[in-house]
Amino acid sequence: MTERALGWAVRVVGIAALLIVVASTSASTQTLQITSPSAGTVVNPGQMLGVTVVESPSGSFTQVVIIGQNPIGFSPILIAPPYQFTIQIPTAIAPGQYSLTASGVTTPGNGADSSPVLIDVEPTSSPVSVRVEPSILSFDSAGQQIPLRVVGTFGDSSTADVTESTQTSYSSTSTAVASVSNVGIVTAVGPGSANITINGVFSIPVTVAQATTPTATATSTPRATATAATSTATATATATPTATATPTMTATATPTAVAAQLKYAPAKLNFKKVKVGVPKFLTLTLSNASKKGGPSITLTNATVPATNPQEFGFPRNGGYTCFLTVAQLAPKQSCTLLLEFEPASTGAKSSSVTIIDNASNANQVIQMQGVGK
């Protein structure tokens, strides 16, 4: 292990020990408060940010650390006041709001956390143009969701994912047809047509069909979620590669096998040639091949191997269409799963996605391939 890696390991172990103590916190009067920065403070990628923490009563804490939402990470541990920290905002960070929390160990050996403070990480300039993916949204029925991804191009020709930037606004021309969250999650509300507008200029057409059969629904813990839906567009936007693909969904135990086959299409996901740093999305459709009156299939999980997780995986802010934790596919019912390929370098790439279920042909492994250019 290198000296740098060893130092980091020691630091992580120290922080982990501190957090274990904090996790065992009992109710006490000792408190921590972040007094600077204030909520909503705007900072830039790469900026050094001062963080001030006040303890009450004075002398209550023996160790204090700042925990920043990923990818900001941890500060050094301070063992005595004044608790004034300097943390660096990563240069490779997507615009948006991130939380800072002070955690500490009290003199009796208990722990306490401050209330989190949300800071707003934004680029130093606004994008001169944006591209949105997918460019067309089509839903089978109400309740389904698809995440948008907004990529901004700046004056120096650089690009960044600005989906969750507070400078990116979303609206719907008809909330009776589709609604959109402040981080670009589009939800089908009722049959019809509408447009999702980004920054009051860029418009995405949305159609919601009249539902004819029930669709699977589920609940998930990821930051952004999606239920079964179909997107008819391919990705065309450019974005700075970040560790955004989520290789594994939340899993539960696989239920008892049933006499039903799960079919999937296409047989292989071929992303073909994709420019380095540009994400492309493909849809995998899963279907219960049983005849009417046959058993339902329980979908439990979907995984992508941890190798090259930045290149193959599930979209950053959603895309878990088809199921999130557990979903039931009735006979002849189908749903879709969105997968992403964002090559980090040129050359041929390959991976696979495994569907965990209780079908008679479980568990299905679908090969994925693409070429970075």
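Going by the conditions given, is THR168 more than 28 Å from GLN333 (Cβ to Cβ), out of contact with any Gly (no Cβ under 6 Å at 6 or more places or on another chain), at pLDDT 90 or above and in the same structural domain as LEU339 (by TED's automatic domain parsing)?
Details: more than 28 Å from GLN333 (Cβ to Cβ): yes; out of contact with any Gly (no Cβ under 6 Å at 6 or more places or on another chain): yes; at pLDDT 90 or above: yes; in the same structural domain as LEU339 (by TED's automatic domain parsing): yes.
Judged against the criteria, THR168 is a match.
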Fill in: Positions within segment 62-84 being surrounded by fewer than 20 Cβ atoms within 10 Å (Cβ to Cβ), assigned to a loop (DSSP other than H, G, I, E, B) and not small (Gly, Ala, Ser), in sequence order
GLN69, ASN70, PRO71, PRO76, ILE77, ILE79, PRO81, PRO82
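Here is a yes/no grid of residues against (1) outside the structural domain of PRO134 (by TED's automatic domain parsing); (2) of a type in the set (A, V, I, L, M, F, W, C); (3) at pLDDT 90 or above:
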{"position": "THR173", "(1), (2), (3)": "no, no, yes"}
{"position": "ALA176", "(1), (2), (3)": "no, yes, yes"}
{"position": "GLY192", "(1), (2), (3)": "no, no, yes"}
{"position": "ILE198", "(1), (2), (3)": "no, yes, yes"}
{"position": "PHE202", "(1), (2), (3)": "no, yes, no"}
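Yes or no: segment 85-94 includes at least one residue that is exposed (fewer than 12 other Cβ atoms within 10 Å of the Cβ), in a strand (DSSP E or B), β-branched (Val, Ile, Thr) and not assigned by TED's automatic domain parsing to the domain that holds THR283. I'd like the intermediate steps shown before the answer.
Restricting attention to segment 85-94, the residues satisfying the condition of being exposed (fewer than 12 other Cβ atoms within 10 Å of the Cβ) are 86, 91.
Imposing the further condition that a residue be in a strand (DSSP E or B) reduces the set to 86.
Applying the additional criterion that residues be β-branched (Val, Ile, Thr) yields 86.
Filter again for not assigned by TED's automatic domain parsing to the domain that holds THR283, leaving 86.
Within segment 85-94, one or more residues are exposed (fewer than 12 other Cβ atoms within 10 Å of the Cβ), in a strand (DSSP E or B), β-branched (Val, Ile, Thr) and not assigned by TED's automatic domain parsing to the domain that holds THR283.
Residues that are touching a residue at least 24 places away in the same chain (Cβ under 8 Å), β-branched (Val, Ile, Thr) and more than 20 Å from ASN195 (Cβ to Cβ): does segment 135-151 have at least one?
So in segment 135-151, the residues touching a residue at least 24 places away in the same chain (Cβ under 8 Å) come out as 135-151.
When the remaining residues are screened for being β-branched (Val, Ile, Thr), the result is 136, 146, 150-151.
With the extra rule that they be more than 20 Å from ASN195 (Cβ to Cβ), the set shrinks to none.
Checking segment 135-151: not a single residue is touching a residue at least 24 places away in the same chain (Cβ under 8 Å), β-branched (Val, Ile, Thr) and more than 20 Å from ASN195 (Cβ to Cβ).
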Practice prompt. Find the residue count for segment 204-220, including only residues that are within 30 Å of ASN301 (Cα to Cα) and either buried (at least 16 other Cβ atoms within 10 Å of the Cβ) or at pLDDT 80 or above (or both).
Written response: 10
Practice prompt. Determine if segment 103-120 includes at least one residue that is part of a strand (DSSP E or B), assigned by TED's automatic domain parsing to the domain that holds THR52, of a type in the set (Gly, Ala, Ser) and within 24 Å of MET48 (Cα to Cα).
Written response: yes
Worksheet item: Within segment 135-164, restricting attention to residues that are among the charged types (D, E, K, R) and either assigned to a loop (DSSP other than H, G, I, E, B) or touching an Asp or Glu at 6+ places or on another chain (Cβ under 6 Å) (or both), which residue is surrounded by the most Cβ atoms within 10 Å (Cβ to Cβ)?
Response: ARG149
Practice prompt. Could you name every one of the strands (runs of 3 or more DSSP E) located completely within segment 251-342 that has at least 1 residues being basic (Lys, Arg), crowded, with 19+ Cβ neighbours inside 10 Å and at pLDDT 80 or above?
Written response: 280-288
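The values are calculated or read from the model by the stated rules, or taken from the named source; none is laboratory data. Just so we're clear, the structure is a prediction, and the values are computed from it rather than from any experiment. Here the Cβ is made from the backbone with ideal geometry for all residues, glycine too, and neighbour counts use every protein chain on show.
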